[in-house]
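Structure first, then comments.
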Amino acid sequence: MTGVAANIFPVGQSAPKRIVKNGKATNDLIFSATDQGNDKIFPEILKLYVRRGSVVADVTYGKGVFWRQVPKRDYQVLATDIQDGVDCRDLPYADESIDCVVLDPPYMHSPGGTAHEVHAAFERHYRNNGTGNLTNGKYHEAVLELYVDAGREAWRVLRERGVLVVKCQDEVCSNRQRFTHVEIMTAYEDMGFVSEDLFVVMRKNRPGVSRAVRQVHARKNHSYFLVFWKRSNSKGTWEPPA
């Protein structure tokens, strides 16, 4: 007989329970959404995806907020930033020399007011609307261009099965919804990265706008951590760190 499911059991009986010899029942888990802030969820992401002792290049280090609760002995951190003269699109590292890259560039163009005061304006660092442009596009397209170019450079410096952790946020640009996290995932998968995980970080305070006439779209009060890994061949699945 064809077309019959393989796992069929007599009426009134269910599949036998799978016996797991190792492990224990617990709800002490790492969850995909949190309101605890970047410095709380980032160490959890490292715990899941980056082996201790790994060489981690944080290419948009800034004030080092992500690392505040990560023991210094756990990783070899290479901290650089555009303000120090190191562009995330042109890193001073050899090909396939890094275990993990962390990328958190300015992801909002001309935010204005106080709505995004915790994250620097894109133009302040990459001047996409003035002379001497460092990006070819403008506004949201310039932001996306930065992520794509930085992703290509991350691919170059990452070892096989290396991990790329990316912080981003969706935005509304010219009254159009731009789901930045989806655009980044699509672009990176085209490069060869595998999208492995997604974390949502909610703001604790209530974001506002400097001038409101009529609300058209839902106000963004969350951002994302995206986790990718480098697979340069067509086979293989993710293996968690030992």
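In the context of the full set of protein chains, residues of segment 140-197 present 38 Å² of accessible surface per residue (probe radius 1.4 Å, heavy atoms only).
For L78, nonlocal amide neighbours, meaning residues 5 or more places apart or on other chains whose placed amide H falls under 5 Å from its own, are V56, A57, D58. At an R0 of 22 angstrom, the distance between the Cβ atoms of R52 and S195 translates into a FRET efficiency of 0.40. Among the listed pairs K24/K230; K24/K167; K47/K167; K40/K220, those whose Cα-Cα separation exceeds 28 Å are K24/K230; K24/K167. Annotation: amide H of G162 within the under-5 Å range of K230, sequence separation 5 or more or interchain, hydrogens built in the peptide plane. Between R73 and S32, the simple spin-label model (points 7 angstrom out along Cα→Cβ) gives 3.5 nm.
The values are calculated or read from the model by the stated rules, or taken from the named source; none is laboratory data. None of the values given here were measured: they were computed from a predicted structure. Note that we place each Cβ from the backbone using ideal geometry, even for glycine, and neighbour counts take in every protein chain shown. These area figures cover heavy atoms from the full protein model, side chains too; ligands, DNA and RNA do not enter into them. Shrake-Rupley method; radii C 1.70, N 1.55, O 1.52, S 1.80 Å.
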